[in-house]
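Visitor: For reference, the structure I am asking about is given below.
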There are 2 protein chains.
Amino acid sequence: MRFFVIGTCAVALLLQGPQAPPPDQTPVFNAQNQLKRPSGYEEWVMVGASTGLSYNPQINAQPGAGPGMFHQVYLQPWAYRHFKQTGQFPEGAMFVLAFYESVRDAAPAKQGYYPADPIASFEVHVKHKGLSESGWGFYGFDEGQEQAGMVPATAACYSCHASEAKTDNVFTQFYPAMRALLKRNER
Amino acid sequence: MRFFVIGTCAVALLLQGPQAPPPDQTPVFNAQNQLKRPSGYEEWVMVGASTGLSYNPQINAQPGAGPGMFHQVYLQPWAYRHFKQTGQFPEGAMFVLAFYESVRDAAPAKQGYYPADPIASFEVHVKHKGLSESGWGFYGFDEGQEQAGMVPATAACYSCHASEAKTDNVFTQFYPAMRALLKRNER
């Protein structure tokens, strides 16, 4: 009996270990292959912030023009740790891209920009075998939307991520800590 | 014996629970009251990014000028959860302010900026009774510096944070998720 109890305890501890992704940090699909809206991602690892990133050439560079929108990209902590250890993204990795207008109306800052409240819509990039040729799928969520169908694999985002992203369809070239990890691995 | 084992197991689980801050996420002081360099903070909760925030009026707004440095502020996950639950920052809370030059030389972006590799120096703001009148202390770490003495409590950062920061010496006015939590609590 004592061994049984110790066994249960070991399993309980194991389930809490770094190898078991928390259920609220894994992609959930319904019978129609729609992705369930992820939540709580502002507590995930923020791998890259940027402002005004765009695939279109700049048209407006007037003096005093703002820097454009803040983008913040989040990855589940367990998937980040897997990337740190292996240099690869595990099955079930989810990147969330959140958008914020840039504002500058709060004391005591006299210049510079910070993010306004988040834009209600956000995008998700999920690694899950069979979703597309690359093994990744894109999903967009609007305000209050609980399920989203995959963006068709013919959309430009797939071909651009496949050809331009530095690591397995992920734009690690924009993410400082991931760049440093990859550089260390190359040595 | 069985109860003893179950007891040990319960304690083990409890120690892993959300109430016990991980040892590598708590401030450590040496006998000279110097703070040990925190590490791994890029995996903490990133509460606020900004670009070019400065207390000085803008002098240079030439067309094509960059947005200034990226600032990213991190808080330990356990302290973030405490704030979410209570609206207050717990003893031992540590904010890390990391700096990055802004760059724009990576395909496929045709405009916009993202962070370069982190500047070697960073700053830490620690909540710990007795450090100063406000209960907080500032510390600065240079490259490779393993211990830092507190910035004297007469420095301008203390009086500015005391008078201008929205929540207990913390600039929550710049941090989207914290702003949303505070708004929700005010209702």
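Visitor: Kindly list the number of the only condition in (1) part of a helix (DSSP H, G or I); (2) on the phi > 0 side of the Ramachandran plot that fails for A:Gly130.
Guide: It is condition (1) that A:Gly130 fails.
Visitor: What number of residues within the range B:148-177 satisfy the criterion of being in contact with a strand residue (DSSP E or B) (Cβ under 6 Å, 6 or more places away or on another chain) and in contact (Cβ under 8 Å) with a residue 40 or more places away in the chain?
Guide: Residues of the range B:148-177 in contact with a strand residue (DSSP E or B) (Cβ under 6 Å, 6 or more places away or on another chain): B:148, B:150-151, B:157, B:169, B:174-176.
So of that shortlist, the ones also in contact (Cβ under 8 Å) with a residue 40 or more places away in the chain come out as B:148, B:150, B:169, B:174-176.
Here the count works out to 6.
Visitor: When you scan the range B:23-42, do you find a residue that is over 21 Å from B:Cys157 (Cβ atoms), modelled with pLDDT of 90 or more and at the interface with chain A (Cβ under 7 Å from one of its Cβ atoms), even just one?
Guide: yes
Visitor: Here's something else I'd like to know. Name every residue in the range B:75-98 that is farther than 14 Å from B:Val45 by Cβ, surrounded by 16 or more Cβ atoms within 10 Å (Cβ to Cβ) and over 12 Å from the mean Cα position of the chain (by Cα), in order of residue number.
Guide: If the condition is that a residue be farther than 14 Å from B:Val45 by Cβ, surrounded by 16 or more Cβ atoms within 10 Å (Cβ to Cβ) and over 12 Å from the mean Cα position of the chain (by Cα), then B:Gly87 is the only one that fits.
Visitor: Report yes if A:Glu146 is under 16 Å from A:Leu53 (Cβ atoms) and among the charged types (D, E, K, R), otherwise no.
Guide: Here the answer is no, as A:Glu146 does not meet what is asked.
Visitor: So how many residues does the range B:66-83 have that are out of contact with any Leu (no Cβ under 6 Å at 6 or more places or on another chain) and in contact (Cβ under 8 Å) with a residue 60 or more places away in the chain?
Guide: 3
Visitor: Take the range B:65-93 and flag every residue that is in a strand (DSSP E or B) and polar (S, T, N, Q).
Guide: Listed by number, the list holds a single entry, B:Gln72.
Okay, residues lined up against (1) within 12 Å of chain A (Cβ to nearest Cβ); (2) surrounded by 15 or more Cβ atoms within 10 Å (Cβ to Cβ); (3) of a type outside the set (S, T, N, Q):
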position: B:Ser121; (1), (2), (3): no, no, no
position: B:Val124; (1), (2), (3): no, yes, yes
position: B:Glu133; (1), (2), (3): no, no, yes
position: B:Phe138; (1), (2), (3): no, yes, yes
position: B:Pro152; (1), (2), (3): no, no, yes
position: B:Glu164; (1), (2), (3): yes, yes, yes
position: B:Thr172; (1), (2), (3): yes, yes, no
position: B:Tyr175; (1), (2), (3): yes, yes, yes
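Visitor: While we're here: Considering only the range A:140-150, state which residues are assigned to a loop (DSSP other than H, G, I, E, B) and either within 14 Å of another protein chain (Cβ to nearest Cβ) or out of contact with any Leu (no Cβ under 9 Å at 6 or more places or on another chain) (or both).
Guide: A:Asp142, A:Glu143, A:Gly144, A:Gln145, A:Glu146
The values are calculated or read from the model by the stated rules, or taken from the named source; none is laboratory data. Given the structure is predicted, the values throughout are model-derived calculations rather than measurements. Positions of Cβ are backbone-derived with ideal geometry, glycine not excepted, and every protein chain shown enters the neighbour counts.
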